[in-house]
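J.: Once you've had a glance at the structure underneath, I'll fire off some questions.
The values are calculated or read from the model by the stated rules, or taken from the named source; none is laboratory data. Just so we're clear, the structure is a prediction, and the values are computed from it rather than from any experiment. FYI the Cβ positions are ideal-geometry reconstructions off the backbone, even for glycines, and counts take in every protein chain you see. For the accessible areas, the whole protein counts, side chains as well, though only heavy atoms, and no ligand, DNA or RNA atoms are used. Shrake-Rupley method; radii C 1.70, N 1.55, O 1.52, S 1.80 Å.
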Amino acid sequence: MTRLEKFSRVAEIAEKRAEAATVKLAERVRGVTSGEAQLTELHRFRNEYASVPDGGDASLQIAELINRHRFLGRVDEAIAFQRAEVDRQQRLLAQEQVACGRVRAKARALDNAVRRIGDDEARKQDRFEQSQLDERAQRVASRWDAAANDANED
């Protein structure tokens, strides 16, 4: 296996890892977006529920207010939990972006190395072929010179 083939295989593996990192990053973005949408929905629900007018009966009003207060407390807890989850997902997203950038940079560096090695091997091959052509041309020229000398001696 040539040096170019070895580096090409390594570059292919790096590119697959970069693609996997990109997929993982996209999933993380979707997770953050989904979490933010849920948080927005919880806020909307809380605002709607809090704005519903109280009933008219005074004895029921106290019980309803207590229940409403408890329920809003649970909604607030859900909002706090969701906010913490969105924050966590955003931190993970930032980490994933850094990791993806590193993997992509490594893949690009390997691609560049493969390109350079390929160019070097192509130049070496061109030089070899040119030296072969020069050698043949020199042999032909020597034969012509030898034939010309033989012709002059006759």
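J.: Confirm whether HIS43 is touching a helix residue (DSSP H, G or I) at 6+ places or on another chain (Cβ under 9 Å) and open to solvent by 80 Å² or more (accessible area, probe 1.4 Å).
T.: So HIS43 passes the test.
J.: Output the residues belonging to the range 91-131 that are of a type outside the set (A, V, I, L, M), within 23 Å of GLU27 (Cα to Cα) and exposed (fewer than 15 other Cβ atoms within 10 Å of the Cβ).
T.: ARG91, GLN95, GLN97, GLY101, ARG102, ARG108
J.: Going by what's in this entry, would ALA63 be described as open to solvent by less than 90 Å² (accessible area, probe 1.4 Å), of a type outside the set (D, E, K, R) and under 21 Å from LYS6 (Cβ atoms)?
T.: So ALA63 does not fit the description; no.
J.: Turning to a different aspect of this structure: Only one of GLU85, GLU48 is modelled with pLDDT of 85 or more and over 30 Å from LYS24 (Cα atoms). Can you tell me which?
T.: GLU48
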